[in-house]
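Asks: Sharing a structure, written as structure tokens. Questions coming.
The values are calculated or read from the model by the stated rules, or taken from the named source; none is laboratory data. The shown structure was predicted, so the numbers you read here are calculated from the model rather than taken from an experiment. When we count neighbours, we look across all protein chains shown, and the Cβ atoms used for this are built from the backbone with ideal geometry, even at glycine.
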Amino acid sequence: MPKGSEELTEARTQEIISACEELYKTMNFKDITLKEIGSVTSFTRTSIYNYFRTKEEIFLALLQREYQMWNERLRQIWTVHRTMTAVEFADALARSLEERATLLKILAMNHYDMEENSRMERLVEFKKAYGGSLAEVRNGLDQFFPEMTDQDKQDFIFSFFPFMFGIYPYTVVSDKQREAMQQANVEYVYMSIYEITFAEVKKLLGA
């Protein structure tokens, strides 16, 4: 880790993560390199190695930040509501993920390679953020659905979180993908992030 204040280190770390996020809006994961990321930061490309060893570590840090932002949003939602129906809960959860398209896009990637090419300390920090999301969703279930058993809540979590990995591929499609579906005569109903999540959460809650 480079010398300097913790504030400077954190600022540069976030700058690298944000640069990666910006590139990811228009480029594929495989085409993004440390050189590309370095070209849109305020310091030299080689300086990135003082903070991250691989591009996979940067993407993992971006995913960690996305989970942390989602966790904060969920805490805000749980705080402002004293009660919620199943439909209201589904609506709130769907809207919270609608705001986190980058989170869902990265979830659609190969996590195994991303995690294997990251140092243990980076992976542990990421897992803390991921664990925080599991806890926040459980907190919402505890708060608004006390009639659910522990097994019911566990079943919800182990159904919903794997479901999240498929949200982006099923809701964000390119013109090429649409054309291929048409030529293959495959009937497909295109849904938004909100629509597909809202429907799934209602189903899991039996609403």
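Asks: Being charged (D, E, K, R) and over 16 Å from the mean Cα position of the chain (by Cα) is true for just one of 25, 105, 55. Which residue is that? Break it down into steps so the answer makes sense when it comes.
Replies: Working: 25 fails: over 16 Å from the mean Cα position of the chain (by Cα); 105 fails: over 16 Å from the mean Cα position of the chain (by Cα).
On inspection, the qualifying residue turns out to be 55.
Every residue, every condition in (1) in the same structural domain as residue 26 (by TED's automatic domain parsing); (2) modelled with pLDDT of 95 or more; (3) closer than 30 Å to residue 30 by Cβ; (4) of a type outside the set (Gly, Ala, Ser), yes or no:
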| site | (1), (2), (3), (4) |
| --- | --- |
| 68 | no, yes, yes, yes |
| 91 | no, yes, no, yes |
| 102 | no, yes, yes, yes |
| 108 | no, no, yes, no |
| 137 | no, yes, no, yes |
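Asks: Next up: Between a first residue in region 26-46 that is closer than 13 Å to residue 13 by Cα and a second residue that is in a helix (DSSP H, G or I) and at pLDDT below 85, which pairs have beta carbons less than 6 Å apart while being 6 or more apart in sequence or on different chains?
Replies: Pairs that qualify, where the first residue is closer than 13 Å to residue 13 by Cα and the partner is in a helix (DSSP H, G or I) and at pLDDT below 85, are 38/45.
Asks: Residues that are more than 24 Å from residue 55 (Cβ to Cβ): find the helices (runs of 4 or more DSSP H) completely inside region 78-142 holding 2 or more of those.
Replies: Of the helices (runs of 4 or more DSSP H) lying wholly inside region 78-142, those with at least 2 residues that are more than 24 Å from residue 55 (Cβ to Cβ) span 86-98.
Asks: List every residue pair whose Cβ atoms sit under 9 Å apart, with the two residues 6 or more apart in sequence or on different chains, where the first one lies in region 180-207 and is farther than 17 Å from residue 84 by Cβ and the second, anywhere, is basic (Lys, Arg) and exposed (fewer than 13 other Cβ atoms within 10 Å of the Cβ).
Replies: Here the result reads 188/178; 190/178, each pair linking region 180-207 to a residue that is basic (Lys, Arg) and exposed (fewer than 13 other Cβ atoms within 10 Å of the Cβ).
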